[in-house]
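One structure below.
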Amino acid sequence: MTEESPLVFGRITGPDQQSGHEQVVFCHDRASGLRAIIAIHSTALGPALGGTRFYPYSAEHDALADVLHLAQGMTYKNALAGLDHGGGKAVIIGDPERHKSEGLLRAYGRYVASLGGRYITACDVGTYVEDMDVVARECPAGRNWVTGRSPAEGGAGDSSVLTAFGVYQGMRACAERLWGEPTLAGRRVGIAGVGKVGSKLARLLLDDGAQVVITDVSESAIDHVRTAHPQVDVVSDVDALLAAEIDVYSPCALGGALTDDTTSAMATGQVKAVCGGANNQLEHPGVEKLLDDAGVLYAPDYVVNSGGVIQVADELHGFSFERAKAKATKIFDTTRKIFALASDEAVSPATAADRIAEHRIAEVSRMKTIYLGK
């Protein structure tokens, strides 16, 4: 193995018996400063598909915990989205504003290519369409192992368009379950985080006749939404958002938004549903039961925010926005099915969603083993 090989400074592990992941790859490139981890949770349904997160983790073990959690979530998300893909995820350790470079992204691309198609990547927090164009330059000709690229490079562009659309479809299902009609007209929706997804969700809700309240740690994000939609209300933080007499709470920033404290705040207020675009919203196992006990309808995040992965998966077949949007529209039907099963079996919607995803994975797993790549 030569010095230029992407595997020189990496550690590749086999099936992780403790976490249940098929493969975890630790990536290190001295020249560019790359430190990354790629986690493949399952390829039972096909090659693992999931985005690349670029984030300044304080320690490698924090990055590892996050990527393992995110990869498992992608297995369930892809299963419920009806995709022929397993779950995977990658994290690059560092501040994207300071450490991102062409050299680092291309070094990361060589690691993606080394997996031979077992892992297909896309954008996530801290990475963008233009980054995926660079990563893809290290994949062999004809091997489409990087999605979320620009239209000029044969990609679909910004996947947040259909992510927001899918969250809106899930929220319509919540409204039908709670108030009898699949519309947010006349309802007050609070969005925490108005970046790529939250800002587009705000527009969809306003078009539907909803009142929208927003908060974000970024003043520029707030200004962007308020300039486009001056009718939105703005509050200082999540605590103020939950106290703003909202009917639906929509976490659209980073994970862990649903905690014991936020659940208590919702229980004492008028929030009736949670439906947002953030990944891994439950801070710990058991929060979904607290929400259920509080009478708050929870639309599982990995169900309603799957519009983005539906979009990037469609790239692999020659992208059609209309076809991808039609698939994302079915998030409404999937969410309804979850709520119905939860009611029939007296379980939380999160448990019902897990059961549906696990049933599909088990059925397909009888026909195939792990995906070995090409």
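Please treat every number below as a calculation from the coordinates, not as lab data. Treat the numbers as computed from the prediction; the structure is a model and nothing was measured. Neighbour counts run over all protein chains shown; Cβ positions are idealised from the backbone, glycine included.
Cα gyration tensor of the chain, axes a ≥ b ≥ c as square roots of the eigenvalues: rounded (a/c below 1.5), prolate (a/b > b/c) or oblate? Judged from the Cα gyration tensor, the chain comes out prolate (a/c at least 1.5, a/b above b/c).
In plain terms, the residue of T351, T163 with the fewest other Cβ atoms within 10 Å comes first and the most crowded comes last, giving T351, T163.
For region 272-374, applying the loop criterion from DSSP together with a ceiling of 16 other beta carbons within 10 Å to the GluC sites (Glu not before Pro) yields E283. Only Cα pairs under 8 Å and 6+ residues apart enter the sum, and on that basis the relative contact order of region 160-360 stands at 24 percent.
Taking θ as phi - 60° and the Karplus parameters 6.51, -1.76 and 1.60, the scalar couplings of region 34-45 work out to 5, 10, 8, 9, 10, 10, 10, 7, 7, 10, 4, 9 Hz in sequence order, x denoting glycine and proline. Listed by chain and number, the lysines whose C-alpha is less than 27 Å from the C-alpha of K77, apart from same-chain residues fewer than 8 away, are K89, K196, K200, K272, K289, K325, K327, K330, K337, K368, K374. The GNM of the chain, with springs linking C-alpha atoms under 10 angstrom apart, assigns the highest mean-square fluctuation among G277, G155, G166 to G155.
Net charge dipole, the chain: roughly 1140 debye, given to the nearest 20, about the Cα centre with Cβ charges of +1 for Lys and Arg and -1 for Asp and Glu. The phi-based Karplus calculation (6.51 cos²θ - 1.76 cosθ + 1.60; θ = phi - 60°) puts the 3J(HN,Hα) values of region 97-106 at 6, 10, 9, 5, 8, 4, x, 5, 5, 6 Hz, whole numbers, x for Gly and Pro. A protection proxy built from the mean count of other Cβ atoms within 10 Å ranks the segments 197-206, 95-104, most packed first, as 197-206, 95-104. Net charge dipole, region 160-360: roughly 720 debye, given to the nearest 20, about the Cα centre with Cβ charges of +1 for Lys and Arg and -1 for Asp and Glu. For region 245-374, the residue among I310, T335, T259 whose Cα projects farthest onto the positive side of the dipole built from Cβ charges is I310.
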